[in-house]
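Reviewing the structure listed below.
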Amino acid sequence: MTFMCTAIDSKGAPMAYDAGLAQRVREALGERPGISERKMFGGLAFLVDGKMFVGVLGSTLMARVGPERHPDALARPHVRAMDFTGRPMKGYVFIDPPGLDDDRELAAWVSWCAAYAAALPGKKSK
């Protein structure tokens, strides 16, 4: 059974995400340091040291895999290009629910994406 959480963003727009999937992401992360959560993109994003690496949008996982491994990710079952604006975003993919049924598969995606984002340089302060 899927439970959708509906929250309201700062502009008053509803944001829905699968609370069960979000909890499974938290469990896959365990006690990893530097993790935070932020409501964005109409769902819930997970960040490592301030850099987004996965998100839950409805019952779909958004994954930041990096441009180098983007083709590898797209070759996997139940994965499609992430497309918010009518143009696919290189380095990001959506994993549909059938690709997330197994906790080991979800944990592998979360680990892959967290490692990629953690290795990115930090943002320069203004």
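The values are calculated or read from the model by the stated rules, or taken from the named source; none is laboratory data. The model shown is predicted, which means the values in this text are computed figures rather than measured ones. In this analysis, Cβ positions are derived from the backbone assuming ideal geometry, glycine residues included, and neighbour counts consider all displayed protein chains.
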Can we say Glu37 is assigned to a loop (DSSP other than H, G, I, E, B) and of a type outside the set (A, V, I, L, M, F, W, C)?
no
Can you tell me which residue in region 89-104 is surrounded by the fewest Cβ atoms within 10 Å (Cβ to Cβ), limited to those that are closer than 15 Å to Phe41 by Cα and not hydroxyl-bearing (Ser, Thr, Tyr)?
Met89
Just the residues that are of a type in the set (D, E, K, R) and at pLDDT 95 or above, please, taken from region 81-100.
Asp96
Looking at Phe84, Phe41, can you tell me which residue is among the aromatic types (Phe, Trp, Tyr) and either under 23 Å from Arg24 (Cβ atoms) or surrounded by 15 or more Cβ atoms within 10 Å (Cβ to Cβ) (or both)?
Phe41
For Ala45, all conditions in the list (1) touching a residue at least 24 places away in the same chain (Cβ under 8 Å); (2) under 11 Å from the mean Cα position of the chain (by Cα); (3) farther than 20 Å from Asp102 by Cα hold save one; what is the number of the exception?
(1)
Tally of residues being part of a helix (DSSP H, G or I), in contact (Cβ under 8 Å) with a residue 12 or more places away in the chain and not aliphatic (A, V, I, L, M) across region 59-83
1
Flagged in region 84-96 as of a type outside the set (A, V, I, L, M, F, W, C) and in a strand (DSSP E or B), in numbering order, are Tyr92
Hits in region 84-126 (condition: of a type in the set (Asp, Glu) and touching a residue at least 24 places away in the same chain (Cβ under 8 Å)):
Asp96, Asp103
Kindly check whether there is at least one residue in region 106-113 that is of a type in the set (Ser, Thr, Tyr), surrounded by 16 or more Cβ atoms within 10 Å (Cβ to Cβ) and at pLDDT 95 or above.
no
Considering only region 6-28, I want to know if a residue exists there that is of a type in the set (A, V, I, L, M, F, W, C), assigned to a strand (DSSP E or B) and at pLDDT 95 or above.
no
Tell me, yes or no, whether region 59-70 has at least one residue that is over 26 Å from Lys123 (Cα atoms) and either under 13 Å from the mean Cα position of the chain (by Cα) or of a type outside the set (Phe, Trp, Tyr) (or both).
yes
Evaluate the following for Gly99: is it in contact with a Phe, Trp or Tyr (Cβ under 7 Å, 6 or more places away or on another chain) and not in a loop (DSSP other than H, G, I, E, B)?
no
Consider Met52 against the criteria (1) of a type outside the set (Val, Ile, Thr); (2) surrounded by 16 or more Cβ atoms within 10 Å (Cβ to Cβ); (3) farther than 22 Å from Arg32 by Cα: it satisfies all of them except one. Which criterion is unmet?
(3)
